[in-house]
Amino acid sequence: MTPLQACLLVSAFLFAIGFAGAVTRRHAILVLIGIELMLNAANLNFIAFWRFGPHPEALAGIMFVLFSMALAGAEAAVGLALVIAIYRHKKTSNLDEVKDLKG
Amino acid sequence: MGNMFTALDQIFVNVLHWLVSFVPEPWHPFASALLCISFILMVFPAFFSIITIFERKGIGRIQNRYGPNRVGIPFTKIRLCGFGQFVPDGLKMLTKEDIVPRAADKLVHFLAPVVMLIPVLLAYAVLPFGRKMTMTDYDAGLLFFFAIGGAVELAVFMAGWSSRNKYSLLGAMRAIAQMISYEIPLILSAVTVVMVVGSLKLVDIIAAQNHYAYGIAQWNVFTPWGLLGFMLFFIASLAESNRTPFDLPEAESEIIAGYFTEYSGFKFALFFLGEYLGMFAISGLGITLFLGGWTSPVSFLTWIPSYIWFFTKLITIIFVFIWIRATLPRMRMDQLMNFAWKFMLPLALINILVAGIWHFMAVDWQRWIVCSFLVVFSYVILGRGLMRGQKLGKRNYRYAE
Amino acid sequence: MSPALIITAIVTILAAATVMSLRNLVHCALAMAITFSGIAAIYLQLSAEFVGFAEILVYVGAIAILIVFAILLTRSGESPEKSVLTSGWGAGIVVSVLVFTALGWAVLNSAGLPKAATAAPETTVKNIGEALMGKFILPLEIVGLVLTAAMIGAVIIALKEDPKTDNSGRKS
């Protein structure tokens, strides 16, 4: 197994764990944490391909990760603000109990 | 003559190389790192113990009392002006019973002091203590310093939450709110230096200040933006290290001791150590960024070894910390937040603009006029905005009949 | 493959698994901080220093604290008595195992991956800064705009409502 494959496997595992958490846990904040883990798995892929790819001097991988980190920060801020707002209205942050729009 | 001073200046570096040469070749980096780590682990805790005595004596003097002046060498009459006090203090702290609340989250309660101390010690890895005396010279050293500082907030939260005590939690929440608010002016004031020097490497930042004009050093603090930046950095570092007037997280008259209410014995000692080492590290960073690091202020004193300059500056800054602690009362929470967001943050943003103007104007007296005017003008306007609506005058005291 | 990389990878994976299996949310958030530190350590070993430090600054220093604040503000610091899993958790586990199997199979059997280990690329902070200010200036500006919008939006969403208006926004 080459180092690139090892990094990709770690990233695949992180993605799967994040996905499992996002779809199986009830709490809204844990769903957000799962999404952050999935984003990080993608970032790890970018860095691994940048490091072992043919053109590291182009810095595309690094740039992608930096921008994705900024967006992850924005996403976390808005997501947690939503969780707090929902908690204020419904006094719960369990996703199973927040289903007013369910048909 | 000159050779002797150079040798004295590089004595620690040479001793390190000499010691490392005893181990076989492939182990050189490992041995060198181990020696550097043990150097930091010996020097800074020792410095901490001396500074605690300085602080107690200094505050005592300012408050018109003596402070510790008894403990010297045991079984003799030598008292050392009380400078032996740290030994019984430390022994008392280490032999106390370690109490963990029954409701506490045991693991997190145990880990919090450790998580507090590790990032603080890691921060010393990038600080230059003297000429060629930097452990790891990262290309992004400044970023490393600030990134590592973020973990301290997590440790504070762990301590406050795991104690299951309302005062602990209140203290931790106050501490985190304060640290996050003041981290922004702290980083923004450091950004000006990065802009003008053009590097995040701390060694390069010092090299850029190591010039002399008319015999006086060209430190960043001797420019309009540098002075403002240093002031902002200093105030923000007071807040980051939870010192008076920003010691709300451990305001003993309101919330007992804040997030370390439920800590005793060795764990409390670790928190205490972590707090002081954090203070030294951030002062050291301020020295590096604005006060020229290990360089001498005047050109005819450059023969004094570089590490002596660094520690002299460090002691001076710590003395100002102690002086402020003995002089100013504690702020209120709303004053603290208003000051950070309505005064320091806009001023730090304007300072970035001023640093840009300074960088691109011709090296001439005109840029001094323009930049000084901008700094003073924005300071006055923002200060007036902050004080608006507050009546400052003689206070009316009401006494019980 | 260096032993350091293996150790950090194992720590990261274990911490990530812990995040999703603990019941207490604060413990989850702390384990998440460990995961992010592990990922930052992997970045450092892939000679991406700047990104590694930025990862610690953004994720451990900011997002973990934000999440911890949200946990305390929604009073979910205690372990819940009821189940922490959603009603359809079995299907979720199956799908994620399938995802991991598919990705792992693709990684291990792909012929297009570069095989030979290359020398570590020389990137300095200066290069990154110049690229950000030159080739990638437009994305940088857009990210700035997005961050401003997100900040304003988060503040407005989390703002305490006027107690005189009820949930539907009418004045009562």
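The values are calculated or read from the model by the stated rules, or taken from the named source; none is laboratory data. Treat the numbers as computed from the prediction; the structure is a model and nothing was measured. Ideal geometry is used to build each Cβ from the backbone, glycine not excepted, and the neighbour counts take in all protein chains shown. Note: accessible area is taken over every heavy atom of the protein model, side chains too, but ligands, DNA and RNA are not part of it. Shrake-Rupley method; radii C 1.70, N 1.55, O 1.52, S 1.80 Å.
Per-residue ellipticity at 222 nm for chain B, helices alone: DSSP H runs ≥ 4 residues times -39500 (n - 2.57), over residue total, nearest 500 deg cm²/dmol? Kindly include the intermediate steps, with their values, before the conclusion.
Values: 15 runs with 257 residues, N = 401.
Counting only the DSSP helices, I get -21500 deg cm²/dmol.
Pick from C:Thr35, C:Thr123, C:Thr12: which is most flexible by mean-square fluctuation in a GNM of chain C where alpha carbon atoms under 10 Å apart are linked?
Judging by the Gaussian network model, the answer is C:Thr123.
On the full set of protein chains, 1.4 Å probe, figure out the accessible area of B:His17 and give it in Å² to the nearest 10.
Near enough 120 Å² of accessible area.
What accessible surface, in Å², does a 1.4 Å probe find on B:Arg56, ignoring ligands, DNA and RNA and rounding to the nearest 10?
Its heavy atoms expose roughly 100 Å² to the probe.
Do you know which residues of segment A:32-52 lose at least 20 square angstrom of accessible area in the protein assembly compared with their chain on its own, with a 1.4 angstrom probe?
In segment A:32-52, residues shielded by partner chains: A:Ile33, A:Glu36, A:Leu37, A:Asn40, A:Leu44, A:Ile47, A:Trp50, A:Arg51, A:Phe52.
Given a 1.4 angstrom probe, I'd like the percentage of the accessible area of the protein assembly as shown that is carbon and sulfur, rounded to a whole number.
Values: 23780 of 33940 Å².
On the protein assembly as shown, the fraction of accessible area on carbon and sulfur atoms equals 70 percent.
Which residues of segment C:107-142 show a drop of at least 50 Å² in accessible area when all protein chains are present, compared with their chain alone (probe radius 1.4 Å, heavy atoms only, ligands and nucleic acids excluded)?
Buried by 50 Å² or more upon assembly, which counts only protein chains, are C:Val107, C:Leu108, C:Leu113, C:Pro114, C:Thr118, C:Pro121, C:Val125, C:Phe136.
Please build a GNM for chain B, connecting alpha carbons under 10 Å apart, and tell me which residue among B:Phe12, B:Phe157, B:Phe22 fluctuates the most.
Checking each option, the largest mean-square fluctuation is seen for B:Phe22.
Taking only protein heavy atoms into account and a 1.4 Å probe, give the accessible area per residue of segment C:1-148 in Å². Mind dumping the intermediate values first?
Details: 7450 Å² over 148 residues.
On a per-residue basis, 50 Å².
Which of rounded, prolate or oblate describes segment C:1-78 when judged by the alpha-carbon gyration tensor and an a/c cut-off of 1.5?
Working: a/c = 5.46, a/b = 1.66, b/c = 3.28.
It comes out oblate by the Cα gyration axes.
Within a 10 angstrom radius of each residue's Cβ in B:212-222, how many Cβ atoms of other chains show up on average? Whole number is fine. Please list the in-between numbers first.
Numbers: counts 0, 0, 0, 0, 0, 0, 0, 0, 0, 0, 0.
Per residue, the average neighbour count from other chains is 0.
Considering chain B, what Rg and Dmax in Å follow from its alpha-carbon atoms?
For chain B, the Cα radius of gyration and maximum Cα-Cα distance read 22.9, 83 Å.
For peptide B:128-134, compute the average count of partner chain beta-carbon atoms within 10 Å of each residue's beta-carbon. Don't skip to the end; give the middle numbers.
Working: counts 0, 0, 0, 0, 0, 0, 0.
For this peptide, the per-residue mean of nearby foreign Cβ atoms is 0.
Would you tally the net charge around B:Val152, using a Cβ to Cβ cut-off of less than 11 Å, leaving B:Val152 out, and scoring K and R as +1, D and E as -1?
Charge balance in the 11 Å sphere: -4.
Name the helices (complete DSSP H segments) of chain C with a Cα length along the long axis of 24 Å or more and a Kyte-Doolittle mean of at least 1.6, or state none.
Working: long enough: C:3-21 (27 Å, 2.13); C:25-45 (30 Å, 1.69); C:89-109 (30 Å, 1.77); C:137-158 (31 Å, 2.40).
Passing helices, by number: C:3-21, C:25-45, C:89-109, C:137-158.
What FRET efficiency, computed as 1/(1 + (r/R0)^6) with R0 = 25 Å and r the Cβ-Cβ distance, is obtained for B:Thr302 and B:Ala362, rounded to the nearest 0.05? Mind showing how you got there, number by number?
Working: r = 29 Å, r/R0 = 1.16.
The formula returns an efficiency of 0.30 here.
Listed here are the pairs A:Lys91/C:Lys160; B:Lys106/B:Lys166; B:Lys96/B:Lys313; B:Lys57/B:Lys77; B:Lys57/B:Lys96; which of them are more than 26 Å apart at the Cα? If you can, show how the numbers build up before the last one.
Details: A:Lys91/C:Lys160 14 Å; B:Lys106/B:Lys166 17 Å; B:Lys96/B:Lys313 35 Å; B:Lys57/B:Lys77 20 Å; B:Lys57/B:Lys96 24 Å.
In this structure, B:Lys96/B:Lys313 exceed 26 Å between Cα atoms.
So how much accessible surface do A and C hide from each other in total, probe 1.4 Å, in square angstrom to the nearest 100? Write out the running numbers ahead of the final one.
Details: alone 7330 and 13870 Å², together 14470 Å².
Between A and C, the summed buried area is about 6700 Å².
Which residue fluctuates the most in chain C, going by a Gaussian network model with Cα springs under 10 Å, if the choices are C:Ala120, C:Ala158, C:Ala40?
Judging by the Gaussian network model, the answer is C:Ala158.
Calculate, in nm to one decimal, what B:Arg164 and B:Lys96 gain on full extension: separation in residues at 0.36 nm each, minus their alpha carbon distance.
22.3 nm
According to the square roots a ≥ b ≥ c of the eigenvalues of the Cα gyration tensor, what is the shape class of segment A:3-97, taking rounded for a/c under 1.5, prolate for a/b larger than b/c otherwise, and oblate for the remainder? Each step should come with its number before you reach the end.
Details: a/c = 6.90, a/b = 2.03, b/c = 3.40.
Cα axes put segment A:3-97 in the oblate bin.
For segment B:292-401, state which chymotrypsin sites (Phe, Trp or Tyr not before Pro) are in a DSSP loop and have at most 10 other beta carbons lying within 10 Å of their beta carbon.
Details: sites: B:Trp294, B:Phe300, B:Trp303, B:Tyr307, B:Trp309, B:Phe310, B:Phe311, B:Phe319, B:Phe321, B:Trp323, B:Phe339, B:Trp341, B:Phe343, B:Trp358, B:Phe360, B:Trp365, B:Trp368, B:Phe373, B:Phe377, B:Tyr379, B:Tyr397, B:Tyr399; in loops: B:Trp294, B:Trp303, B:Tyr397, B:Tyr399.
Counting only loop positions with at most 10 other Cβ atoms within 10 Å, the chymotrypsin sites (Phe, Trp or Tyr not before Pro) in segment B:292-401 are B:Tyr397, B:Tyr399.
Specify the inter-centroid distance of segment B:134-189 and segment C:116-150, based on alpha-carbon positions, in whole Å.
Their Cα centres are 26 Å away from one another.
Would you mind working out the accessible area per residue for segment B:105-339, using a 1.4 Å probe, and quoting it in Å²? Can you show the working numbers first?
Numbers: 7960 Å² over 235 residues.
About 34 Å² of surface per residue is accessible.
Ignoring ligands, DNA and RNA, how do B:Val320, A:Val65, C:Val155 rank by accessible area with a 1.4 Å probe, largest first? Working shown, then result.
Details: B:Val320 45, A:Val65 0, C:Val155 85 Å².
Greatest to least solvent exposure: C:Val155, B:Val320, A:Val65.
Please compute the net charge surrounding B:Pro68, taking Lys and Arg as +1 and Asp and Glu as -1 over other residues with Cβ under 12 Å from its Cβ. The partial results should precede the final answer.
On the way: positive: B:Arg56, B:Lys57, B:Arg61, B:Arg65, B:Arg70, B:Arg79; negative: B:Glu55, B:Asp89.
After counting each charged neighbour, the total is +4.
So which trypsin sites (Lys or Arg not before Pro) in segment C:113-156 end up in coil per DSSP with only 11 or fewer other C-beta atoms within 10 Å? Mind dumping the intermediate values first?
Numbers: sites: C:Lys115, C:Lys126, C:Lys135; in loops: C:Lys115, C:Lys135.
The qualifying sites are C:Lys115.
Between segment B:294-363 and segment A:10-81, how many Å separate their Cα centres?
37
Taking all protein chains together and a probe of 1.4 Å, list A:Leu82, B:Leu345, C:Leu145 from the most accessible to the least accessible. Please report the intermediate quantities before stating the final value.
On the way: A:Leu82 80, B:Leu345 35, C:Leu145 125 Å².
Of A:Leu82, B:Leu345, C:Leu145, the descending order of accessible area is C:Leu145, A:Leu82, B:Leu345.
Excluding B:Leu248 itself, calculate the net charge of residues whose Cβ lies under 10 Å from the Cβ of B:Leu248, where each Lys or Arg counts +1 and each Asp or Glu counts -1.
Numbers: positive: B:Arg174, B:Arg330, B:Arg332; negative: B:Asp247, B:Glu250, B:Glu254.
Every neighbour counted, the sum reads 0.
Under the rule a/c < 1.5 gives rounded, and otherwise a/b versus b/c splits prolate from oblate, where does the protein assembly as shown land using the Cα gyration tensor?
On the way: a/c = 1.43, a/b = 1.21, b/c = 1.17.
Rounded is the answer for the protein assembly as shown, as its axis ratio a/c remains below 1.5.
Provide the per-residue ³J(HN,Hα) series for segment B:78-95, in order, calculated from phi with Karplus coefficients 6.51, -1.76, 1.60 and θ = phi - 60°, each as a whole number of Hz, with x at glycine and proline positions.
For segment B:78-95, the Karplus curve yields 7, 9, 6, 6, x, 6, x, 4, 5, 5, x, 4, x, 4, 4, 4, 7, 9 Hz.
At 222 nm, what helix-only mean residue ellipticity would chain C give, in deg cm²/dmol to the nearest 500, using -39500 (n - 2.57) for each DSSP H run of four or more? Mind dumping the intermediate values first?
Values: 7 runs with 109 residues, N = 172.
Helix contribution divided over all residues of chain C: -21000 deg cm²/dmol.
Shielding by partners for C:30-41, please: the mean number of other protein chain Cβ atoms within 10 Å of each residue's Cβ. Don't skip to the end; give the middle numbers.
Values: counts 9, 1, 6, 6, 0, 7, 3, 2, 3, 9, 2, 0.
Counting other chains' Cβ atoms within 10 Å and averaging over C:30-41 gives 4.
Please work out the C-alpha center-to-center distance from segment B:93-116 to segment B:262-276 and express it in whole Å.
Using only Cα atoms, the two centres lie 9 Å from each other.
Starting from the Cα of C:Thr118, step 7 Å toward the Cβ, then list every residue of segment C:45-63 with an amide N under 15 Å from that point.
So the set is C:46-48.
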